[in-house]
Structures are given as structure tokens and as C-alpha cells.
1. Using only Cα atoms, what is the ratio of the radius of gyration of the range 25-123 to 2.2 N^0.38 Å?
2. Along its three principal axes, how long is the range 485-533 when you only count alpha carbons? Whole Å, largest extent first please.
3. What accessible area per residue, rounded to a whole number of Å², is obtained for the chain using a probe radius of 1.4 Å?
4. With the convex hull built on the Cα atoms of the range 150-227, state its orientation-averaged projected area in nm².
5. Between ARG394 and LEU213, take the C-beta separation as r, use R0 = 41 Å, and let me know the FRET efficiency to the nearest 0.05.
6. Residues with beta-carbon under 14 Å from that of ALA451, excluding ALA451: net charge, scoring Lys, Arg +1 and Asp, Glu -1?
7. Report the label-to-label distance for ARG458 and ASP132 in nanometres (one decimal), using points 7 Å from each Cα along the Cα→Cβ vector.
8. Along the three principal axes, how long is the chain when you take its alpha carbons, biggest first, rounded to the nearest angstrom?
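The values are calculated or read from the model by the stated rules, or taken from the named source; none is laboratory data. Owing to the predicted nature of the structure, the values given are computational and were not obtained by experimental measurement. We place every Cβ from the backbone using ideal geometry, glycine too, and count neighbours over all the protein chains shown. Ligands, DNA and RNA are excluded from the accessible area calculation, which covers all protein heavy atoms including side chains. Shrake-Rupley method; radii C 1.70, N 1.55, O 1.52, S 1.80 Å.
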Amino acid sequence: MVAVTAVAQVSRADYRVVPLPDGINGIKDNDFKLKESTLVDYPAGNRDMERNAAMLSQYIEDLTGLHLSTRPVNTGNNYGCISLQLDPKMTSDEGYRITVTSRSVIIAGKTAAGVFYGIQTLRKSIPVGKTDQVLLPAAQVVGSPRFGYRGMHLDCVRHFFSVETVKRYIDIMALHGMNRLHWHLTDDQGWRIEIKKYPRLTEVGGWRNGTTLGHNSPVNDGIRYGGFYTQEEIRDIVRYAADRYITIIPEVDMPGHMVAALTAYPQLGCTGGPYEVWGMWGVTDDILCAGKDETLRFVKDVLDEVIELFPSQYIHIGGDESPRVRWQECPLCQRRIKDLGITASAKQSAEARLQGWFTSQVQLYLTQHGKRIIGWDELLDCDIDSTATIMSWRGADPGAQGAMKGHDVIMTPVDPLYFDYYQTDKTWNEPIAFGGCNTLRKVYDFEPVAADLPADKRQHILGAQANVWTEYITCEPQIQYQVLPRMAALAELQWLQPEMKDYQDFKARLPRMVDIYKHYGWTYRAKSLIIEN
Ligand code: ACM
Ligand code: ZN
């Protein structure tokens, strides 16, 4: 008889993850053996680091089944441990340094956020699958992001998504090293944020009586549709994101894309309505009346509650796709134009400049409350102060022009950063999408800083973000399909210096990232891994 002994399962880490670290330098030493008895140390009394430690332990358990305990420590002996440490001498606020020797694994950052990104890199280095031991090759691994603004956007208006879905979206962002969630909460098709002072916004504006099928077809499904987030739920989501070093930037789009609010409070429009929460897609002529003081009061009241809910320095106030035909015909809007002495210029109508005035009022109010505004690039067409940050969506040129005028800019050009667009030109077996063709490769190759932007203007490009509008996205697996694996390509351009980018190398690293998607049960576009489009 031969005794049967179980063979220990051993796997081996690979630090070449997505986004690629800036440096991976081997150290002459034996591997570190990560096993169930390995402890995760963190500085005693530091709540952020305690949470970081708990998350690392959870990630390792998710991927390998190994359950590591965490331990607060005051000083030094970290033999056999993964040790999370703050190092104020590090230069990048969000950078990390992982030092692996046979004795220990030290994950250091200048901030707890930097440590978190080191944790993400370590997590992605570990192969997915049950194991008894993971061998971590001795090395120093460093990384720091190219851009401070690394965003994803999510439209929860055109279709409404549960708190759990939004949290999973945040989890996906964290895996990709992203730090800003632009949350689109109000539009023509619904109002999704509870505002205590105006309860009809969600009671009435939160619901539509039916939705067109497909791309504005003549068929309406006739099914009442809607929902909204209570303030309690919003606080919970904001906290959940903050725990993952993600700031949520809420968007309240104005003066256009406001039909849901107008349905609830028709007196805020130029004609007084009646209005109906819209079941079609696109741009409507009905917008807020800029001639009524009541409209500005409403906007400020809403923003008062938004400010209370979102600690973000930035509030997004939209400003896109705002036709001014109602303003042309509205006696109150025309009176406002007259009273303010607004005149048309060669490039701008009086009504365009009225939008500039309206936006400036809102900007002033938010500035007085310690906030800054972001608006879509249409704001560049209506005399807005250069302290407004511009989101460049109608291509990258408006962003470059904004930077030349002294605006900070976030790059979200439709081509290639609208992730509601198709990922291929062969669309017949794809879920319905807006149109377009933003392949993985196009996303990867996007360069947010125009080559001819002068050196002294380059710092205005704060970063890049992909947008996910949900007219045709009805469920969570479809959101995930649209963003995965394109988020991996976006993460790499947000983190890497351009000279480090290499698409073929990225494609070779991508399958291990996808192993993690699969492990968590996230839907992704598998074809993007094997063929170009
Ligand atoms: C936008 O896509 N209307 C900003
Ligand atoms: Zn008006």
C-alpha cells in the first residue's frame, strides 16, 4: 500500500497586470510564500489602512480561497507578513511601491489611496483559482497614474439601475484603478435623485408612461417605468465609493434635458406645459425658463441638497444640447435679455449668451459654497468663466480649445470614449447600441493631450473618462458588456505615460484580467480578446 497524500496546489504571481506597473525590478532572493497563515499588517489606529487591509484579505480570498487575517501593528517586525505602510517621502499622491522579498511583502504609498492601488496591482498579479500557496517572485514593483482624473460615467436615467448594480460598477472601477464616477441623475426621461424640498421631482418626474422601442421607433411599450435613489441610498453609495477612493461627481443637467422636472413643476418652463416625462430619446425644445426668478431659486434649492449629499469638489451642471427656440419666443426670457443688456455677437445669439448668464449664476452660487462646476463643451459657446471645467464630448477639439482659453478639461470624446457605442463594425450579433464603432484598439490608442497643445496648456488636461449612456442599455449584464474589456484599455491610457503603451503587449496581459471578470461573473465582450473588432 502506498500512502496517498494530497499534493499542495501552488500558483505563481505575475506583476505584468493591467494597467502595467511603471517598473518591475527583480530582487535576488527567494519567492515570498503567500499562504493561509500570512498576516496582513496595517498601521494601528488608521481606519483607511484597516479597511485597505480588510479589502486585500477579501480579494485574496475571492481569488484563491485563502483566508488571511489582518492585524494592527505599531512597529516593525513584518516577517512572513504583507505589510501595508504609508511613506510620506513618496512623490506621487496615488503612486504605490510593492517590495517583495522572501521575508515580506510591503505595499507602500504616500496616501492610503496609493496603498489601495498597490493592493489592486497585487490582487491582479495573483492567478485566479483555488490554491494552497501563491509564490510571489522577489521584486520591487512601482506605479503611479499619469492623470489625476480617471473617470467612468453612468447614466441611471434612461434606464434605472439598482444600488447593488451601481456598487458593482464601482467595484469594477476600483479593479481598473479609476477614481471618479460621473453619475448622470436627471434628464428628460426621469429624475432619479430624491430632493426633499421638491417631492414631485421623484413622485412625478421619476416615472414615464412608456418607452420607445429601439432607436426612436413608432412603437412605445406602454409600460410605466422609473425609480429613484433616496437620499439614504445616495449616502450609502457615496460612502461605498469613497471607501474605494472613488469620488462621485453628480450631474444635474441644465437648462436642457429637464423635461422630467418640468413635468413635476410645469411653471419652471417657458410655456408652462403641460409636459410629460419623455419616452423617446434625443433632444427636446422644452428647457428651463431663464426668464423666471423661480427657476433660479429651484436650481439653487436642488443644488443645496446635492451639495449636502456629495462631498465632491466638482458638481456637473450639464449644459449640453439645449435648444433655445423656447427662449426666442418667451416674453420673460426676452425681457431678461433686455434687462441684462445682452446682445448678439458675431458668433453668439443673445439666447446663447443668456445660457452663459444662467450658467454663470449657477457657477457663482456653487463657488460661494466651495464647489466648482464641470459642464459639457457647449459651455464654451456661451461666454463661460475659465474656472469652469469643460468636458469635451463632441470630439477632442473642443477640449483643446478650452485648454487654450485656460479651462481645465476632461476628455470624453464620442469617438472613441462613448462606451454606449458598438465595439465592432460587425454589429449583427451585438446587443443594440447607439451606433458608431469604438473598438478596444481605438480606445487604447486614444491620446488625451493633443500633440500641438503648447507646453504651458498641457496641465489643463486633467484626464479622461468613458461615458455610458443607457438609452439602449436595459440591464446590468449589458452595462458590463459595453464597458468590458474597454475599461481595461481606458485604464492603461489613464495610468501609463504614452511611450509605455504597447497594444500587443496589453492584449497579451488582458486574459489574466478577464479571468478576474469571469471569476466575479461579470459579462464582457469575449470577441474583443481574439479579433480586432
Ligand atoms: C452628451 O452626450 N450629450 C453630453
Ligand atoms: Zn422663458
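1. Normalised Cα radius of gyration, the range 25-123: 0.99.
2. Over the range 485-533, Cα extents along the principal axes are 33, 21, 15 Å.
3. Working: 20920 Å² over 533 residues.
Heavy-atom SASA per residue in the chain reads 39 Å².
4. On the way: hull surface 25.2 nm².
Projected area, direction-averaged: 6.3 nm².
5. The calculated FRET efficiency here is 0.90.
6. Around ALA451, the charge tally is -3.
7. That separation, rounded to one decimal, is 5.3 nm.
8. Computed over the chain, the largest-to-smallest principal extents equal 95, 50, 43 Å.
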